[in-house]
Amino acid sequence: MLGFLGVNPQNPDEAYASPLGMSVNFIKTIDGGRNWQSLDIPAPWIGWEGPIVIDPFTPNIVYFPAICVEPCLYISSDRGATYQIEYLPRPEGAPADAIGNGVMVAPDPERPGRLLAGALISSGDLENATGVIYIRDNAAAGWRIVKVVEGRLWRILFDPHNPQRVYAATNAGLYRSQDRGETWERLTPENIGGIRLVTVHPDYGNVIYVHSHGQGINISQDGGATWEMLTDEYGNPVYGGPVAEMVFSPLGSRVFYIATWDGLFQSLDGGHSLMLAEGLSQGPAYSLAFGHDVGVNGQQRLVMYVGSAGGYRIVTPGSYSNMTQAAQTDLMSPGVYRRALIFHPIYLPLVRR
């Protein structure tokens, strides 16, 4: 089984993955998943895993979640051939027996070398861990603590419309920064907690989605002022089970993808109706990542990677409500699956006046 995936933002044929389990290493492909090689970098145990992040400005640099007693991450400057351990400060008052781990990195999309990072500090109970948010101002600077929250920290996301805004998904709720991560405020009400995922609609910056463990997917259409359950046309919650990832396609039509324990779903209406993704299994989808580039003829290529636990391949996709009626004739093995889409440029005629 595969945990998190990371894709080179400048070359979608280069990707990294973290197998779930004990005594395993990260793996890498440079040919779009046809072949994988094991890296000499140990992957974290189940429960301690975090995203793999390739630096958007310098893709030679890759940030891997690490296994340490103190908060730390692995940084490779040569695409995973070697790595160094970088330690982050422990917050004051943390118990002496607490372990710092689960570090995730979010590069500033406009400032090379500037990073936000999140970690959890735990004495054994991961769900009730303390979340810590850090900032590194540049590649030569040290890490500094900017926020400590109650509960585990799961994800940090820069708003694609405005990098001044940053979101942090935590067990204590959704937090937002309006100054690139320097200061934080809670955005969701008290009744929405256990937030593990957050994403922003690529066309509408005021539309925010969060997934809460045990509560389903909530949506705000006014920048976080009010929230409601994401429902279908009948007013029913669209999906209430565990969700591993939810993200919009970065190219083409705004397809909303949700990786769940029931398979990979897609939506063309912002999540109000879900269809199982054609060609994948009905088994758990643990991870999802995109990459894209432009070919010599101006063609845009979108590459999707999905980490699947295997199961029955969906030959004729149906809606989530009638998922059990979907054809189940093809058995798939666990692994990373890849799909590539080509978008052709549109040339408008020249009109002379």
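The values are calculated or read from the model by the stated rules, or taken from the named source; none is laboratory data. Quantities reported herein were computed from a predicted structural model and do not represent experimental measurements. Cβ atoms come from the backbone with ideal geometry, glycine included; neighbour counts cover every protein chain shown.
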Among (1) surrounded by fewer than 15 Cβ atoms within 10 Å (Cβ to Cβ); (2) at pLDDT 85 or above; (3) not small (Gly, Ala, Ser) - the single one Val296 does not satisfy: (2)
Residue list for the range 170-186, restricted to those being modelled with pLDDT of 95 or more and of a type in the set (A, V, I, L, M, F, W, C): Leu174, Trp184
Enumeration of residues in the range 74-111 that are closer than 25 Å to Pro160 by Cα and either in contact with a Leu (Cβ under 6 Å, 6 or more places away or on another chain) or modelled with pLDDT of 90 or more (or both): Ile75, Gly102, Val103, Val105, Ala106, Pro107, Asp108, Pro109, Glu110, Arg111
Where a residue in the range 122-139 is modelled with pLDDT under 90 and its partner, wherever it lies, is among the acidic types (Asp, Glu) and part of a loop (DSSP other than H, G, I, E, B), with Cβ under 8 Å and at least six apart: Ser123/Asp97
Members of the range 197-226 that are on the phi < 0 side of the Ramachandran plot and touching a Lys or Arg at 6+ places or on another chain (Cβ under 7 Å): Leu197, Val198, Pro202, Asp203, His211, His213
Tally, over the range 157-168, of residues that are more than 13 Å from Leu116 (Cβ to Cβ) and buried (at least 22 other Cβ atoms within 10 Å of the Cβ): 0
Test for Ile145: is it touching a Ser or Thr at 6+ places or on another chain (Cβ under 7 Å), among the hydrophobic types (A, V, I, L, M, F, W, C) and closer than 24 Å to Tyr63 by Cα: no
Unique residue being loosely packed, with under 15 Cβ neighbours inside 10 Å, under 23 Å from Gly240 (Cα atoms) and not small (Gly, Ala, Ser) when the list is Glu150, Glu190: Glu190
Residues of the range 272-299 satisfying the condition of being aliphatic (A, V, I, L, M), in a strand (DSSP E or B) and more than 13 Å from Ile258 (Cα to Cα): Val294
Test: residue in the range 283-290 that is at pLDDT below 85 and more than 22 Å from Thr29 (Cβ to Cβ): no
Positions within the range 25-70 being at pLDDT 95 or above, part of a loop (DSSP other than H, G, I, E, B) and among the β-branched types (Val, Ile, Thr), in sequence order: Ile30, Thr58, Ile61
Complete set of residues in the range 61-88 that are surrounded by 17 or more Cβ atoms within 10 Å (Cβ to Cβ) and small (Gly, Ala, Ser): Ala66, Ser76, Gly80
Residues (out of contact with any helix residue (DSSP H, G or I) (no Cβ under 9 Å at 6 or more places or on another chain) and buried (at least 19 other Cβ atoms within 10 Å of the Cβ)) located in the range 231-246: Val243, Ala244, Glu245, Met246
Among (1) modelled with pLDDT under 85; (2) surrounded by 14 or more Cβ atoms within 10 Å (Cβ to Cβ), the one test that Arg301 misses: (1)
Enumerated strands (runs of 3 or more DSSP E) restricted to the range 181-241, each holding at least 3 residues that are over 24 Å from Ala119 (Cα atoms): 216-220
Unmet criterion (only one of (1) buried (at least 17 other Cβ atoms within 10 Å of the Cβ); (2) closer than 21 Å to Val62 by Cα; (3) of a type in the set (D, E, K, R)) for Arg180: (2)
